[in-house]
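The values are calculated or read from the model by the stated rules, or taken from the named source; none is laboratory data. Just so it is clear, the structure is predicted and the values come from calculations on it, not from any experiment. Positions of Cβ are generated from backbone atoms using ideal geometry, with glycine treated the same way; all protein chains shown enter the neighbour counts. Ligands, DNA and RNA are excluded from the accessible area calculation, which covers all protein heavy atoms including side chains. Shrake-Rupley method; radii C 1.70, N 1.55, O 1.52, S 1.80 Å.
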Amino acid sequence: SVQLIPPEGVSVISDIDDTIKISEVTDKRALVRNTFLEEFRPVPGMASLYARWAASGAVFHYVSASPWQLYPELEAFRKRERFPPGSFHMKSVRLKDSTLADLLASPLEYKPPILRELLQRYPRRQFVLVGDSGEKDPEVYAALARDFPDQIRWILIRHVHDEQADSPRYQQAFANVPHDKWRLFDDPTELKDIDLP
């Protein structure tokens, strides 16, 4: 399918693992089980939140460090759980060449070029970045907010650790990012005041 995106409006860039799909990335055994052995499970409430934003005209870009070979299963999960359609951006990995090593690359290496390309491709659009605290979404998104301050409307980070907003990690990650531009949440209902566009 083709996604036609107007030059102006709001785009939601969403992580997948532990943002919309329960993966337990920080527990490698649980990650393997949730990825290869069990049916994909949604993070409760995220599909409803995204559907509300989509109904307001937002478009979606799903960005994951998972290999592209998982795309069919992730797209089936998206449809089954009624997440809005959107573009998928995943790692290109082939078992027969050096790209296999990219599977283990840090999100700090993989995600920024993809996200920067999206922001540069749509310079007149506003972006909402949704991720989780399990890996490096706060650090990656905050760097984008510093480099593209006029395009980033919100950074929303789902709690999967006990760190609070005033923890050293977040204070360092979000240095020089206005506090009213980023938020931590445990439950998507906490974001009911965020209306798009």
Checked the stretch 42-90 for anything more than 24 Å from GLN126 (Cβ to Cβ), aliphatic (A, V, I, L, M) and open to solvent by 60 Å² or more (accessible area, probe 1.4 Å); matches are none
Among (1) assigned to a helix (DSSP H, G or I); (2) open to solvent by 80 Å² or more (accessible area, probe 1.4 Å); (3) of a type outside the set (Phe, Trp, Tyr), which single condition is ARG116 missing?
-> (2)
Pairing a residue in the stretch 11-33 that is at positive phi with any residue that is in a helix (DSSP H, G or I) and modelled with pLDDT under 95, where Cβ atoms lie under 8 Å and the two sit 6 or more apart in sequence or on different chains, gives GLU24/ALA30; GLU24/LEU31; GLU24/ASN34
In the stretch 139-197, what residues are of a type in the set (A, V, I, L, M), surrounded by 15 or more Cβ atoms within 10 Å (Cβ to Cβ) and not in a helix (DSSP H, G or I)?
-> ILE152, ILE155, LEU156, ILE157, VAL160, VAL177, LEU184, ILE194, LEU196
In the stretch 1-35, residues that are open to solvent by 70 Å² or more (accessible area, probe 1.4 Å), more than 19 Å from PRO85 (Cβ to Cβ), modelled with pLDDT of 80 or more and in a loop (DSSP other than H, G, I, E, B) total 2
